[in-house]
Amino acid sequence: MSVILLFLAVLATIAGWWLSKQRLTAKPWLEEGAIGDFPGGGASALPAAKIGLGVFLAVAGSLLALFVSAYAMRMHMAQDWRPLPEPKLLWLNTGVLVVSSIALHRALLAARRGRMDGVMANLLAGGGSAVVFLAGQILAWRQMAASGYVPASNPADAFFYLITAVHGLHLLGGLVALARAIAKAWPGVATDQLRLSVELCAMYWHFLLLVWLGLFGMLLLT
Amino acid sequence: MVTVLQARTRGMTLMRMPLTVWGIFTATVMALLAFPALFVGAVMMLLDRLLGTSFFMPSLVEMGQHLQHSGGSPILFQHLFWFFGHPEVYIVALPAFGIVSDLISTHARRNIFGYRMMVWAIVAIGALSFVVWAHHMYVSGMNPYFGFFFATTTLIIAIPTAIKVYNWLLTLWHGDIHLTVPMLFALAFIVTFLNGGLTGLFLGNVVVDVPLSDTMFVVAHFHMVMGVAPIMVIFGGIYHWYPKITGRMLNEALGRFHFWVTFLGAYAVFFPMHYLGLLGMPRRYPEIGETSFVPDSAATLNAFISVAALAVGFAQMVFLFNLIWSLSRGRQAGGNPWNATTLEWQTPETPPGHGNWGKELPVVYRWAYDYSVPGAERDFVPQNQPPARRATWEAAP
C-alpha cells in the first residue's frame, strides 16, 4: 500500500497548501461585514470545469495508484510470479500515444492563437492517433494470448491485461470529450468555450500519457 | 466538492460555512479517494470469479475438487477493502458530526463552542482516517509489527474526535436548551457516539482486540458508533429540515414517541451484545450449538434483543406515517420555525422555489452561529443580515 500512501501524501500536500491560504485561523465570530473587508477565502479564479477535471484526475490517479499497490504487493505474496515478455508492439504504441499528446498540445497552442484550421487538424490528429493506440493495445493483447499468456495463467499476466484495460478505458472516455471538443470546433469560430474544452482535453491526454509511461515502465522492470 | 470550492455565494468564506457543509465537503473528498479502493478490490475479485485469475484466491479444495486457483492472497483483498472501509466509517460520521453541531447550536440558542477547532478536527479526522485501516486486520495474519503502528494511529484519531465531543458539551453548557425532537435526537447522538467510541478504544488496542475479534462485542461497538449514532443524526436532521422542505411541521407527539422507542430500543438491542461478546459468543452464527463458554441464558438474551428490534422496527412505521401524514395535515411551519441563522432558513419562499433565491443571490455578512448575541434585537442574527452599523449608516440620508 506504500504507492497509494505516497500518492495520497502528494494530494495532502496540495490540499494543505490550498487550506493554508484559506485563513483557517480566522476568528469568524469577530469578522462581521462584507466580503471585501477580509482578504482571501473567495472562490478560485480558475473555471469550475478545470477544477472539476483536477479533482477527477486526483481520483483516477488514486485508482491507478491502488492498482499499482496491489501489483507490488501481489508480486511478493507468493512464489508464483512469472514475469512476462512484453510484446515489442508496446514500444510502437507508446510512440503513438506520445504523438497523440503532442497533437493535442499543438491544438491548444493553436486555440490560444485563435487559428482554427490548426485547432481542427490537431484535434483530429490527436483523436486519430489515440484510436490507433487503442487498436495497437488490442493487437498486443492478441499477440500475448496467441503465445499462451492469458489472464488465468499467471498473476503477472492477469495484471498486464487488467492494467492495460483500465488505462485504455480511461482513454476511451477521453475520446468522448474529444469528440465533443471537435463538434465545438466544427463551425470554425474560436470561442472561450472551445479554448477551455481543448485545454481540458490536452490536460487529460498528458495525464494519461504520464500514467502510461509509469505503467509501461513498471511492466518492463518487473 | 466543486460546488463548495467554486459556487459559494458572495461573503461565504470557508470559515463562515455551517459545520454541516464542512462535514459534507470533507466526506466528499474522502469518498472520492476511498471508493477507488473498493472498486479495485471488486474488479479483481470479479476477475477471480469470471476469468479464473488468482489475485485473491489461494489454492482451494471445494467439494473434493482442487480449484485451478493458486497463490492468491485474501490479505491483499482485506488491505484493499479496509483501505476503503475505514475512511467509509468517517464518510458516514463526518456529515453527522457537522449536522449535529448545527442542531445543537440552533436548539440550544448558543454559538457553537470552538468553531475553528471543530473545522480543524473535521479535516484532521478526514486525513487520519486513511492511515488506520489495518486495525480491522489484527487477526488476519498480516505482519504483527503493523499492529503497533495502526493501534497508535487509531488512538491518535481519538483526540480530534474527543475535541468535538467536548465542544458539543460546552455548547450546551449554559445554553437555552429547547428539547425539541431534533434536539432529542442530537443529544441521543452524543451519548451513543460516546458509548460506541469508548468501546472503540478497547478494540483499537491489539491485545484487547485479539480475544474480542469476531465476537458480538464488535457488532455492538460497530452498531453503536456507526449504525445507531449517525442514524440518530439523520432522524434529527429530518425533523429539523422537514419544515423547510415541505412547509409543514412534523407531528410533535408522534415524533417524541418515535424518538423514545428508537433511542431506548436501540440500547435494548445493542447494549446486551457487549455482554454476549465478553462471554465469547461469536458473530455470524445462526445457531451456536453447545459450547463450554456460552450459557443458555445467552439464548434468552438473544430473544430479548429480537423483541426489542421488532419494537424499534414498529416505531419506524410510525415515523413513516408521520412523514406522509404531516405532508398535508402538519402545522404550517413558516419560513424559519426554529429561528435559525443559516441561509436555507432565509429563502423568500418555503418550500424554496427553483434556484432557492429567485433573481438575487444572498450576500453573507457573518458566520453561521450568531445566537443570543448581546445587544441584538432577537436571539439570532441571520447570516445574510447586514451589520447594524452599516444599516444605520445607509439609512441616514
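The values are calculated or read from the model by the stated rules, or taken from the named source; none is laboratory data. Just so it is clear, the structure is predicted and the values come from calculations on it, not from any experiment. So basically every Cβ, Gly included, is an ideal-geometry build from the backbone, and we count neighbours across all protein chains shown. To get the accessible areas, we keep the full protein, side chains included, count just its heavy atoms, and leave off ligands, DNA and RNA. Shrake-Rupley method; radii C 1.70, N 1.55, O 1.52, S 1.80 Å.
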**OP:** Compute from the Cα atoms of the stretch B:350-389 the Rg and the Dmax, the latter being the longest Cα-Cα distance, and quote both in angstrom.
**Re:** 12.5, 36
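Within the P(r) computed for chain B, what percentage of the Cα pairs occupies the region above 37 Å? Please report the intermediate quantities before stating the final value.
Values: 25987 of 78606 pairs.
When all Cα pairs of chain B are counted, 33 percent exceed 37 Å.
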Original post:
Relative to the first principal axis of the alpha-carbon coordinates of chain A, what is the inclination of helix A:48-77, with its axis defined by its Cα atoms, in degrees from 0 to 90 and to the nearest 10?
Top reply: 30 degrees
**OP:** Report Rg(Cα)/(2.2 N^0.38 Å) for the stretch B:35-104, keeping two decimals.
**Re:** 1.62
Original post:
Three principal axis extents, largest first, for the C-alpha atoms of the stretch B:65-129, in Å?
Top reply: 68, 21, 8
**OP:** Quick one: which residues, 5 or more positions from B:Thr215 or on another chain, have an amide H under 5 Å from its amide H? H modelled 1.01 Å from N in the peptide plane, none for Pro or chain starts.
**Re:** B:Arg283
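Buried accessible area between A and B (1.4 Å probe, both chains summed, ligands and nucleic acids excluded), in Å² to the nearest 100? Please list the in-between numbers first.
Details: alone 12620 and 20800 Å², together 29320 Å².
About 4100 Å² of accessible surface is lost on pairing.
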**OP:** Using a 10 Å cut-off on Cβ to Cβ distances, tally the other chain neighbours for every residue of B:13-23 and report the average as a whole number.
**Re:** 4
Original post:
For the stretch A:158-220 and the stretch B:25-76, what is the separation of their C-alpha centers, rounded to whole Å?
Top reply: 28 Å
Subject >> Cα-derived Rg over Rh, computed across the stretch B:189-338 with Rh taken as Kirkwood radius >> reply: 1.10
Original post:
What residues of the stretch A:153-182 lose no less than 40 Å² of accessible area with every protein chain in place versus their chain by itself (probe 1.4 Å, heavy atoms only)?
Top reply: A:Leu162
Original post:
Leaving out ligands, DNA and RNA, what percent of the accessible area of the stretch B:189-338 is carbon and sulfur, probe 1.4 Å?
Top reply: 71 percent
**OP:** Pick out which of B:Pro286, B:Pro144, B:Pro95 has the largest mean-square fluctuation in a Gaussian network model of chain B, springs linking Cα atoms closer than 10 Å.
**Re:** B:Pro286
Original post:
Counting only residues 5 or more places away or on other chains, whose amide H sits under 5 Å from the amide H of B:Phe56 once H atoms are built in the peptide plane?
Top reply: B:Ser73
**OP:** Calculate, for chain B, the solvent-accessible area per residue in square angstrom, rolling a 1.4 angstrom probe over the heavy atoms of the protein chains.
**Re:** 47 Å²
Subject >> Most fluctuating residue given options B:Thr350, B:Thr152, B:Thr291, as computed from a GNM of chain B linking Cα atoms under 10 Å >> reply: B:Thr291
**OP:** Hey, can you grab everything whose amide H is under 5 Å from the amide H of B:Arg248? Only 5+ residues off in sequence or another chain; H modelled, so Pro and N-termini drop out.
**Re:** B:Ala333
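Counting partner chain Cβ atoms within 10 Å of every residue's Cβ in B:45-58, what's the average?
Values: counts 0, 0, 6, 3, 0, 1, 6, 5, 11, 9, 9, 3, 0, 2.
Per residue, the average neighbour count from other chains is 4.
Just by accessible area at a 1.4 angstrom probe, what is the order of A:His170, B:His136 from largest to smallest?
Numbers: A:His170 30, B:His136 70 Å².
Putting A:His170, B:His136 in descending order of accessible area: B:His136, A:His170.
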**OP:** May I ask you to list, by number, the DSSP H helices of chain B whose Cα span along the axis is at least 15 Å and whose average Kyte-Doolittle hydropathy reaches -1.0 or more?
**Re:** B:19-50, B:74-107, B:115-128, B:144-156, B:158-172, B:181-204, B:229-246, B:252-279, B:297-329
Subject >> Long-range Cα-Cα pairs in the stretch A:84-221 (distance over 20 Å), rounded percent >> reply: 47 percent
Original post:
Taking the Cα atoms of the stretch B:296-392, what is the range of coordinates along each of the three principal axes, in descending order and whole Å?
Top reply: 75, 33, 22
Original post:
If you roll a 1.4 Å probe over the stretch A:99-222 with all protein chains in place, what percent of the accessible area is carbon or sulfur?
Top reply: 69 percent
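Report, to the nearest whole %, how much of the accessible area of the stretch B:4-87 belongs to carbon and sulfur atoms, 1.4 Å probe, protein only.
Details: 2430 of 3520 Å².
Here it works out to 69 percent.
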Subject >> Net charge contributed by nearby residues that have their C-beta within less than 13 Å of A:Lys27 (K/R +1, D/E -1) >> reply: +2
**OP:** Taking chain A as the reference, fit the longest principal axis to its C-alpha atoms, fit the long axis of helix A:155-185 to the helix C-alpha atoms, and give the angle between the two in degrees, 0 to 90, nearest 10.
**Re:** 50 degrees
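Apply the a/c threshold of 1.5 to the C-alpha gyration tensor of the protein assembly as shown and tell me whether it is rounded, prolate or oblate.
Details: a/c = 2.25, a/b = 1.16, b/c = 1.93.
Note, shape of the protein assembly as shown comes out oblate.
Students often check this: by mean Cβ neighbours within 10 Å, which of A:179-192, B:108-121 ranks highest, and how do the rest follow?
Working: A:179-192: 14.4, B:108-121: 19.9.
Put in order of decreasing packing, that is B:108-121, A:179-192.
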Original post:
How high is the FRET efficiency from B:Ala388 to B:Lys359, r the C-beta distance, R0 22 Å, rounded to 0.05?
Top reply: 0.25
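Hey, what's chain A come to in accessible area per residue, 1.4 Å probe, Å²?
Numbers: 10540 Å² over 222 residues.
Value for chain A: 47 Å² per residue.
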